[in-house]
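One structure below.
The values are calculated or read from the model by the stated rules, or taken from the named source; none is laboratory data. Every value quoted in this text rests on a predicted model; they were computed, and no experiment measured them. So basically every Cβ, Gly included, is an ideal-geometry build from the backbone, and we count neighbours across all protein chains shown. Protein only, heavy atoms only, side chains kept; ligands, DNA and RNA dropped before computing areas. Shrake-Rupley method; radii C 1.70, N 1.55, O 1.52, S 1.80 Å.
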Amino acid sequence: MEIAAKYNPSEVEDKWYRYWMENKFFRSKPDEREPYCIVIPPPNVTGVLHMGHMLNNTIQDVLVRRARMTGKNACWVPGTDHASIATEAKVVAKLRAEGIDKNTLTRDEFLKHAWEWKEKHGGIILEQLKKLGASCDWERTSFTMDESLSASVIKVFVDLFNKGLIYRGVRMVNWDPQAKTAVSDEEVIYREVQSKLYYLKYSIEGEEGFVTIATTRPETILGDTAVCVHPNDPRYAHLKGKKVIVPLIKRSVPIIFDEYVDIEFGTGALKVTPAHDINDYLLGDKHNLESVDIFNDDGTMSTAAQLYIGKDRFDVRKIIVKDLESAGNLAKVEEYQNKVGYSERTDAVIEPKLSMQWFLKMQDLSKPALDAVINGDIQLYPPKFVNTYRHWMENVKDWCLSRQLWWGHRIPAYYLPEGGFVVAETAEEAVENARKKTGNASLKLSDLRQEEDVLDTWFSSWLWPISVFDGIRYPENEDIKYYYPTNDLITAPEILFFWVARMIIAGYEYQGAKPFRSVYLTGIVRDSLKRKMSKQLGNSPDPLDLIAKYGADGVRIGMLFCSPAGNDLLFEETLPEQGRNFSNKIWNAFRLVKGWEVDANIPQPISSAAAITWFNNILNREIEQIDDHFDKYRISEALMTVYKLFWDEFSSWLLEMVKPAYQQPIDAKTCKDLVDLFEKMLTLLHPFMPFITEELWQSFNERKLGDSLMITQMPKSTGYDTDLLERMELMKEIISGVRTIRQEKNIPNKQSLKLFIKSTEKFGVDVESIIAKLAGLETLTYTNDKVEGAASFLIKSAEFYVPLEGLINSDEEIAKLKAELEYAKGFLLSVMKKLSNERFVNSAPPQVVEIEKNKQADAESKINIIEERLKLLSK
């Protein structure tokens, strides 16, 4: 077999992925084996692969491949999310580019465009995941608006409504003026911004004087319906029963008294705008105030504002400040830092707005989900997120379910001709319910009007671990009974509440059980400046470009090298480069082994037999360590363990121990044992590096069609001999000691050496044979005496001597040692001067003094060693 000098991932990856797919190795069906199941966090159907996906899906694939190789029936369910806001925005932008205004289309016409867009672009990210090596069961690919999943969403809505948990009402919501829809509290990102605090004067009606209020949003005074002060504030006690005039629009509004107001903040007087601030809304409700909605859905001023109608809210802010100043109502302006809410989807500034919406009562629903995490029935990794989860769940608010969009699951509520509504899974059921509710048997579907709003995207994805197995419609079907609850969920901490908590809630409500056993929370992928990688910042490399450059295996382990659960990953291209270098290391080790000629007629050397025994022991020890890491979800640590095992122990030591002499063959027994060990190493590496390991495994021995490393069983530990491993570590130190002498004395490797060991214990013929081979020894002899004229080193209580007679020039060596001795004495003198200085010793930090004392001890030790060597050389 001709083996390429360099590993070329592009020649390998597509070949083996196609082979895995053709042989249906990713396919899973219920059987007698223990199931292992992961459902993919469905990426937005609008999405393309980014660095966060790379990290998340690499971890999922590692877990799934390992489960498959431990005998489990592994099922990784892929799919995408319809992403209402993001997808509708993309389709609207596409139509705009084509000269089409969404507002000129009917709902059905728009949805036709949306589905066409989804069919064209919707599968891109899943195809990209294949390049990464994702071993998903692609035949199970789901989309949150598939027929079965959509029916499940509608069924759950109707069920919760019938249980009295879904209601409709006017509430203060977070309004996204760009997307023109309400968004949930969790979809609002708060940022510290530099604002201005405007002090405005409201004239007191019917008398001289004014009340000054402070606001960061002067445009909202047009919706003011009161001014509120604290009942115990003496500055305003004389204003009970009075009114003030709202500047510019001259609206007369009452002064109300409420303990909600903070006397110490600002002027102690608060403008009240019930339609555009949640706290003002609550005050308005309590004091029966009028609500004036001054904004249109797109953030422009409505007719109710009276002024600046049709102008954008931020343009109005600039204009109204000038008008207030001209009218004498602007007292002063101060710089002010405050938090402003932004839409997670569009980055538009959120506008609190009174709106008729649909809500889900969360208080009682959430209790089982809180208990499940607190009592450890569901494990979070790392556990630090348990307190974060608890805080959110103990303060959960009702969920605003409705979105003012067309793309998504349309709310199954139907309005009656004479008021009221019915909720039903189908239009036919809606008509039947309407007839019963009204007593009008002649009602037809055309008499009813279905709700225009769609459901929040999360209302479909909260059912994901159940709906992908059709467990909502058919709760006793074979798939849901076998795969549910799933095993692990791999996701990001920022959607712990959006998605994870809600899936747990749905799991207990609709299956009576947790949806997964463990949640592994990844960190955020950041650049070297600790900024989150994003397209907007331009600091995120294209994952497919990285795969093309470093290979999928290189990128996978590059992502995992420094990404422990919950900790951010500081990504630099040196990481996948290190991954590629490791691939090359494995490839070169394979080339070395396959390049040896094998002779079945020569016996196995003692050193090779000892080396094989040693590596089997260290392999078993490390397998136990790797298993422990995986049990504790320390995936990066598991990778580093197998990485070091291959690089340090297998390549740097074992291959050197068994390598035949130059142009000499290797014995058949050692070769077979070595190949078996190499295959075990490839098996351990496979979950992390599936492509190169499959390529080499297939190449080591003749395989038949349908064979694959990915369905080979993971090696298990059969125990290990601690004493043997300790002796072999000592052996490494001895070999390193001899090699150091060679290097220091410039003795060529081809020159055989003699080694004398002064020790009360012998190391055994197995260890001695390896020392002799790797240290290049002519003889290895035990002695009771010091050896004169020899270089020496000490390991524990044993002394080692390498005679130098005839190997070095004694005069040159003595001169070199004398120079080293002079330098060491000079260094010691400088240290002693410091330590004899009482001022330094008394004033310097204790750790600094301790460092100087350590320097003294090291220098004295070195001087003793050099003087001992000089004595030996001078005899």
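Just a few scattered comments:
- Mean accessible surface per residue for the range 815-875, computed with a 1.4 Å probe while every protein chain stays in place, in Å²: 72
- Label zone at D14, where the point sits 7 Å out along the Cα-to-Cβ direction: the range 128-158 residues whose backbone N lies under 15 Å: 128, 130-133
- The packing ranking, built from the mean of other Cβ atoms within 10 Å per residue, places the peptides 103-115, 422-434 in the order 422-434, 103-115, highest first.
- Euclidean distance between Cα centres, the range 424-442 to the range 622-672, Å: 71
- For the chain, a simple Cβ point-charge model (Lys and Arg +1, Asp and Glu -1, everything else neutral) yields a dipole of about 840 debye relative to the Cα centre.
- Between 0 and 90°, nearest 10: helix 810-835 axis offset from the chain longest Cα axis: 40
- Assigned charges on the beta-carbon of Lys, Arg, Asp, Glu; the range 39-94 dipole about Cα centre (debye): 240
- Per residue, in Å², the accessible surface of the range 606-670 once ligands and nucleic acids are set aside, probe 1.4 Å: 39
- Available extension along the chain between N23 and K339 is 108.2 nm, counting 0.36 nm per residue and deducting the alpha carbon span.
- When the charge dipole of the range 424-547 is built from unit charges on Cβ atoms (+1 for Lys and Arg, -1 for Asp and Glu) and taken about the Cα centre, the candidate among L521, W499, P485 whose Cα reaches farthest toward its positive end is L521.
- Counting only protein heavy atoms and a probe of 1.4 Å, the accessible surface of the range 543-659 is 46% carbon and sulfur.
- Within the chain, percent of DSSP bridges classed antiparallel, to nearest 5: 70
- The range 445-576 - Rg over Rh from alpha carbon coordinates, Kirkwood radius: 1.12
- For the chain, the longest principal axis of the C-alpha atoms and the axis of helix 9-22 are separated by about 70°.
- Loop trypsin sites (Lys or Arg not before Pro), the range 388-492, which have at most 15 other Cβ atoms in a 10 Å radius of their Cβ (DSSP): K397, K444, R473
- With the charge dipole of the chain set up from +1 on Lys and Arg Cβ and -1 on Asp and Glu Cβ about the Cα centre, the Cα lying farthest toward the positive end among the listed residues N746, I557, F615 is that of N746.
- Positive minus negative residues near Q178 (Lys, Arg vs Asp, Glu; Cβ under 11 Å): -3
- Förster-model FRET efficiency, 35 Å R0, E394 and E139, C-beta, rounded to 0.05: 0.25
- Dipole moment magnitude, nearest 20 debye, the range 356-396 about Cα centre, only Lys, Arg, Asp, Glu C-beta charged: 120
- The aspartates and glutamates within cross-link reach of K585, meaning a Cα-to-Cα straight distance under 17 Å and a gap of 8 or more places when in the same chain, are D553, E577, D648, E649, E656, E679, E694, E695.
- Between E325 and K816, full extension at 0.36 nm per residue minus the direct alpha carbon distance yields a gain of 168.0 nm.
- Of all accessible heavy-atom area on the range 1-130, the percent that carbon and sulfur account for (1.4 Å): 51
- A protection proxy built from the mean count of other Cβ atoms within 10 Å ranks the segments 546-552, 664-670, 835-841, most packed first, as 546-552, 664-670, 835-841.
- Whole-Hz ³J(HN,Hα) from phi, Karplus 6.51 cos²θ - 1.76 cosθ + 1.60, for the range 436-449, glycine and proline x: 5, 5, 8, x, 9, 6, 8, 4, 10, 4, 5, 7, 9, 10
- Count of lysine pairs in the range 627-710 with Cα separation under 18 Å (8 or more residues apart, or interchain): 5
- Label of the coordinate-derived value, Cα extents along the principal axes in Å, listed as [x] 95, 55, 54; [y] 81, 73, 51; [z] 117, 79, 51: [z]
- Summarising the label geometry, the points placed 7 Å from Cα in the beta-carbon direction at S717 and D262 lie 5.6 nm from one another.
- Residues whose amide H lies under 5 Å from that of D398, counting only those 5 or more places away or on a different chain, are M362; hydrogens are built 1.01 Å from N in the peptide plane.
- Axis of helix 313-326 versus longest Cα principal axis of the chain: the two differ by about 60°, to the nearest ten degrees.
- Which of I40, V91, T80, positive extreme of dipole for the range 1-110 (C-beta unit charges): I40
- Full extension of the chain between E119 and A237 gives 35.8 nm of extra length, using 0.36 nm per residue less the Cα-Cα distance.
- In the range 88-132, lysine pairs with alpha-carbon atoms under 13 angstrom apart (chain gap of 8 or more, or interchain): 8
- Percent accessible area from carbon and sulfur atoms, the range 750-826, protein chains only, probe 1.4 Å: 47
- Sites K853 and L730 - FRET efficiency at Förster radius 41 Å, r taken between beta-carbons, to 0.05: 0.85
- Over the range 409-491, accessible surface divided per residue gives 42 Å², non-protein components excluded, 1.4 Å probe.
- Each peptide among 365-376, 630-641 gets the average number of other Cβ atoms lying within 10 Å of its residues, and from highest to lowest they stand as 630-641, 365-376.
- FRET efficiency estimate (nearest 0.05) - Cβ-Cβ, L592 to K825, R0 45 angstrom: 0.40
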